[in-house]
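Presented below is the structure to which this report refers.
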Amino acid sequence: MNAPALQTRVEVLNRLYTMKLEQLEQANRQGNSLRNQVLAAEADAIFNALKSVR
């Protein structure tokens, strides 16, 4: 993957990860444990994708 495409992918994944963490925080405040588990799994998947492109 060329450098500009890689940078774009990293930026998109960073935005997704940030948004997912915000959703997770909201689910924590609401006490929704099932939603919390799903969001945590999604955040982990995004984080792993970020690690693989860096």
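Assorted remarks:
- Residues considered: ARG15, ARG29, ARG9. Of these, the only one that is without any contact (Cβ under 8 Å) to a residue 24 or more places away in the chain, open to solvent by 90 Å² or more (accessible area, probe 1.4 Å) and under 13 Å from the mean Cα position of the chain (by Cα) is ARG15.
- Among the residues of the range 32-45, the one identified as among the small types (Gly, Ala, Ser) and over 10 Å from the mean Cα position of the chain (by Cα) is SER33.
- Among the residues making up the range 38-54, a single one is aliphatic (A, V, I, L, M) and either touching a Cys at 6+ places or on another chain (Cβ under 9 Å) or open to solvent by 70 Å² or more (accessible area, probe 1.4 Å) (or both): VAL38.
- Output for the range 35-54, where each listed residue is touching a helix residue (DSSP H, G or I) at 6+ places or on another chain (Cβ under 8 Å), modelled with pLDDT of 95 or more and farther than 16 Å from THR18 by Cα: ARG35
The values are calculated or read from the model by the stated rules, or taken from the named source; none is laboratory data. All of these numbers come straight from a predicted model, not from anything done at the bench. Using ideal geometry, Cβ is built from the backbone for each residue, glycine included, and neighbour counts are taken over all protein chains shown. Areas reflect the complete protein model, heavy atoms only, side chains present, ligands, DNA and RNA absent. Shrake-Rupley method; radii C 1.70, N 1.55, O 1.52, S 1.80 Å.
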